[in-house]
Every structure is written in structure tokens, then in C-alpha cells.
Amino acid sequence: MVNNIKSIWCLLGSIFSCLLGFSQNSHSVVPRISEGAVNILWVYVEDTNPWMSCYGDSVIETPNIDRLASDGVRFDRAYVTSGVCSPTRSAIITGMYQTSIGAHEHYSSFSEWRGTVMESWDPNHLGVRTLPEMFRAAGYYTFNEGKEHYNFVYQSEDLYDHKGKKEGFKGAVNGSEWTGRKSDQPFFGQIQLKGDKFHNPPKVVRPEEVSVMPYYPDKKVFRETIANHYNTISKLDEIVGNIMKRLSEDGLLESTVVFFFSDHGCKLPRHKQFLYEGGIRVPLIIAGPNIPSNGVRDDLVSSLDISATSLALAGIDIPDHIHGMDLFEPSFHRDYVVAARDRCDFTIDRIRSVTSRRYKYIRNFMTDRPYMQPNYRSEWGIMKTLRDMYDNGELNKVQARFVDDIRPAEEFYDLLEDPHETNNLIHSYDRDHAIALAEHRDILYRWIIETDDKGRFPESNDALRAVLQRWGDRAVNKEYERVREEQ
């Protein structure tokens, strides 16, 4: 009897081991590399809009980015899940909405911030593996040159075989980038580029050569900011060319899939931190082996699809918990993409957006505070110009809306007729618009429940204490009152 039981257990153990061998999800304990595995390289850019010649912009030429696009597929309607870095980065590195994993508040779950150790903080422990961990489990060499900013508890050494401290391409020498891997070992890597944060780029574009969007006044500070963004893109193009040249020199070009994308839009008002097109619509280009060349797609894409597609191209099964989809799966289709804005630095807010083929629906949950409530950019010249002109009655109706003290609960835009999102259709009598509005409301409310949007709940006292320690008296929202009294 005992021997029979032992035999049964041995048989079950063998079956279980076989199943593990065939399983390759985020919890797999058996590393294996798919035959003919390709390298996956993310060229990950900060704060950059798709103002590039391959996207139809005529202000500057971006030959290296254009060449990458011609060698692969350019996605014209790619959207990130947030308009600020750490929530977006947390989502892409896990393939899940930041709101589902508690990573939606900017700079949350940081035990140390800019050299200051937090006296109290709210640790966010994930129940799933990140993409680098999945790639490592499959036998890949993983690296990241520069920025991480993930709003959850992790150790860099658990994610990356090599971690470069600063952003930028290091030239793939002395163990940087892919040069630290074993011979013939495939790699999953990230090269972080500063994008709009690149200081003092060569002045290729002059302020008088740019156009100013209708939601801004045509003033010098806006022209200078717009021109500077073009100049950072010109510098970015140069760096992309250097990366591709090095891949070619190292004989890796034919075996590497390159993803080129940004974490959100540039620092202009209404762009960074917000959910208008300028904040969440980003460049996305994918090129490499088995990727069609000269491809252009205008279907809706979420940044979460970058995660899923990276796994799929590497031959790693996409775990069920991932919210992204393989962009090159024949059945790929999205009716809409969702984005979220929550606390940014010390500024507490909650906004959600649904973007469909034609429309953008924005839900402002905190109408008691204006768009331009106190934030870390309040003293910037571009912000002060907006406020001063508003106070002096120098802004037209479209320009004044973002500076006004009144914020509507809902916004609804026809992106085909109104690409700058200046005509709020929330009270439109047009039957088609009214029906579409109802549909988008329903999509958002279902998404909030189905994805367990944790933005429904306030941050913990420990999390708010950490914000106060970082920002002090600049944190003026009423939510801080319950912990400020302790000080």
C-alpha cells in the first residue's frame, strides 16, 4: 500500500514537472530560451511628443528615426496610460495598468527620494513578475541604462544583470548595454534617453520658425519652449543613429527588435501630467527581424501592448494577468485606450480618459480644484505668463479655459474635427455626439470596476507623510490636513 502511494506521488511529481517544463508564464521556474530567440531593445525616451518628420512634421528632419520607421512599423495612434513618468513606467514594466497594481500615484512607494530616506512610506509589494524578471527566467541577459522610477518595491539586481546609473547611450563598451552578456545570449535591454529633458541642445530651430497651438497665447516663452522641444528631438535623432550604428557594428542588427517610444508628452502646459493628446499620445516605432518594413498603422495602441509584444516576439508566453496584447497578432484590435492621472509630486488630482477612434472622453473627479492648482512648475515662466495674462484679461476663451478656476466634471472632444481638443461637446445637442458620450461614460465606469482602479481610494497616511517629507509646505491640498496635524 505504501509503495503504491509512493508510486502515485512520483507519477504526479513527474506530470507536474512536465507541466512546468511546458509552462512559460511569469511564474515559471524553468528558464528556457526559444529557438532563434531575438534580442529586444527598448529605446525609451522621456517627455517627447511625435514631432518628427516621419510623423509628418515639417519643422525638423529626423533622418535616423525616419530610417527606423521605414525599416519597421510606425504607429500613429499610440497612447501611454498616464501623462507622467513613474505611473507610465510602472505600467509598461509590468504590462498592467498602474491603477490596478497600486502604482498610480507619482513617486509613491519610494523609501528614498533624491538622497532623503523616508521616515514613513507605504510599500507597494507586487504579486507578479516584471518583464525583466520574466526575460531573465527565460535565460535572457537584461540591462537598463538609466531611469527606472517604478512605484513598487523592487531591487534593481533582481530585474537587471546590468544597471547603468545615468540616462543615455554608453556606446556599448566596457560592459554597458549588451556587452556584458555571455556569448550568443539574447538580451532584453532598455536605453533611457532624456528627450525633452536634454539641457542646452544645439539650436537647430529658432522660436520664430515654430507654430503655437491655439490653446496657448503667441508669446515668446511659448515659442522658446516649443522650439526647444524640437531641438531636443533633433539631438535625440542623433543618438538613435549612434545606437543603430553600434548594433550594426556588433552584428546584432539582424537579430534585434528595436522599440522606440516615449513615456509621455513634453513639459508644455496641458501636455505633461494631463490626458489631452499632447500628454499621452506618443511616438512608437518597432523595427527588426520578422517586422514588416514601411508599415504605418493608425489603429489604437496602448503602451501596455509594448510589454505584451516584447514577450511575444521573444517567444515567451504572455501571462493572463497582463493587460497588453501582441500588436502583431492577426486578431489584435482595440476599440479604446484608457489613461489615468492621479497625484503628481505633491499635487493631488484624479482624472481618467477614454480615447476611441473618433472621440476623447475625460472625467475630472476633483472639480473643487482648477487645472493649474499649485504644482512644482507653478513658478516656471511659461506658467506665470499664462496666469498673468489671464488675470489681465489677455487670453481668449480657448486659452483661458485651462487657467480658469472652474473645471468641468466631464470633457468630450471630436478628435477628427477638433484635434486640439478645444470644443467641449459635453452639452452638445447633436444626436451622434450624445450617443457616443453615453457609450464612453459606460466604457469608463466598467473599466474602473473590471480593472480594480485603485484611484477610487485615498492614499494612506504613511504615503501622505512621505509626500510631506519630500515637499513640505508646498503640499497644500486638503488631503494632507489629516497627517499635517501630527507634525
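The values are calculated or read from the model by the stated rules, or taken from the named source; none is laboratory data. Everything numeric here is computed off the predicted structure, so don't read it as measured data. A quick note on method: Cβ atoms are made from the backbone with ideal geometry, for glycine too, and the neighbour counts reach across all protein chains shown.
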Seminar exercise, completed: Over region 177-190, the set of residues part of a loop (DSSP other than H, G, I, E, B) and not polar (S, T, N, Q) is Arg181, Lys182, Asp184, Pro186
Exercise. Within region 371-413, restricting attention to residues that are of a type in the set (A, V, I, L, M, F, W, C), assigned to a loop (DSSP other than H, G, I, E, B) and under 11 Å from Tyr216 (Cα atoms), which residue is nearest to the chain's Cα centre (by Cα)?
Worked result: Phe402
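Within region 235-259, can you find the residues that are of a type in the set (Gly, Ala, Ser) and closer than 21 Å to Ser310 by Cα?
Taking region 235-259 and keeping what is of a type in the set (Gly, Ala, Ser), we get 241, 248, 251, 255.
Listed by number, the residues that qualify are Ser248, Gly251, Ser255.
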For this session: Any residue in region 454-471 that's without any contact (Cβ under 8 Å) to a residue 12 or more places away in the chain: show its pairings with residues that are crowded, with 17+ Cβ neighbours inside 10 Å at Cβ separation under 8 Å, as long as the two are six or more apart or on different chains.
Result: Arg456/Ile448
For this session: Just give me the residues in region 108-161 being more than 22 Å from Gln185 (Cβ to Cβ) and among the acidic types (Asp, Glu), in sequence order.
Result: Glu112, Glu119, Asp122, Glu148
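Residue-wise test of (1) of a type outside the set (Gly, Ala, Ser); (2) surrounded by 15 or more Cβ atoms within 10 Å (Cβ to Cβ); (3) closer than 17 Å to Gly83 by Cβ.
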position: Asp335; (1), (2), (3): yes, no, no
position: Ala340; (1), (2), (3): no, yes, yes
position: Ile351; (1), (2), (3): yes, yes, yes
position: Arg358; (1), (2), (3): yes, no, no
position: Ile382; (1), (2), (3): yes, yes, yes
position: Asp391; (1), (2), (3): yes, no, no
position: Arg401; (1), (2), (3): yes, yes, no
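Could you please find all residues in region 67-79 being over 23 Å from Val338 (Cα atoms) and buried (at least 18 other Cβ atoms within 10 Å of the Cβ)? Steps first, answer last, please.
Going through region 67-79, the residues over 23 Å from Val338 (Cα atoms) turn out to be 67-72.
Scanning region 67-79 gives Leu68, Ala69, Asp71, Gly72.
Based on this model, can you work out whether Asn242 counts as of a type in the set (S, T, N, Q), on the phi < 0 side of the Ramachandran plot and surrounded by fewer than 21 Cβ atoms within 10 Å (Cβ to Cβ)?
Details: of a type in the set (S, T, N, Q): yes; on the phi < 0 side of the Ramachandran plot: yes; surrounded by fewer than 21 Cβ atoms within 10 Å (Cβ to Cβ): yes.
So Asn242 fits the description; yes.
Among the residues of region 187-215, write down those that are of a type in the set (A, V, I, L, M) and within 30 Å of Lys165 (Cβ to Cβ). Spell out the reasoning first.
Kept after step one, since they are of a type in the set (A, V, I, L, M), are these residues of region 187-215: 191, 193, 204-205, 210, 212-213.
Selection gives Ile191, Leu193, Val204.
Filter region 314-343 for residues that are of a type in the set (A, V, I, L, M, F, W, C) and touching a Pro at 6+ places or on another chain (Cβ under 9 Å) and give the result. Working first, answer last.
Of region 314-343, the ones of a type in the set (A, V, I, L, M, F, W, C) are 314, 316, 318, 322, 325, 327-328, 332, 337-340.
The answer is Ala314, Phe328, Ala340.
Just for helices (runs of 4 or more DSSP H) wholly inside region 80-176: which have at least 2 residues that are surrounded by 22 or more Cβ atoms within 10 Å (Cβ to Cβ)? Steps first, answer last, please.
Details: elements: 85-94, 131-137, 156-159.
Correct list: 85-94, 131-137.
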Exercise. Gly56 versus (1) touching a Ser or Thr at 6+ places or on another chain (Cβ under 8 Å); (2) at positive phi; (3) free of Cβ contacts under 8 Å to residues at least 60 places away in the same chain: which is the lone unmet condition?
Worked result: (1)
Exercise. Restricting attention to region 414-421, does a residue exist that is in a loop (DSSP other than H, G, I, E, B), touching a strand residue (DSSP E or B) at 6+ places or on another chain (Cβ under 8 Å) and not hydrophobic (A, V, I, L, M, F, W, C)?
Worked result: yes
Problem set entry | Check on Asp368, touching a strand residue (DSSP E or B) at 6+ places or on another chain (Cβ under 8 Å), farther than 29 Å from Asp298 by Cβ, part of a loop (DSSP other than H, G, I, E, B) and not aliphatic (A, V, I, L, M) | no
Exercise. Given the structure, is Val128 assigned by TED's automatic domain parsing to the domain that holds Tyr154 and out of contact with any Asp or Glu (no Cβ under 8 Å at 6 or more places or on another chain)?
Worked result: yes
For this session: Could you please give the count of residues in region 275-310 that are more than 24 Å from Gly241 (Cβ to Cβ), hydrophobic (A, V, I, L, M, F, W, C) and part of a loop (DSSP other than H, G, I, E, B)?
Result: 2
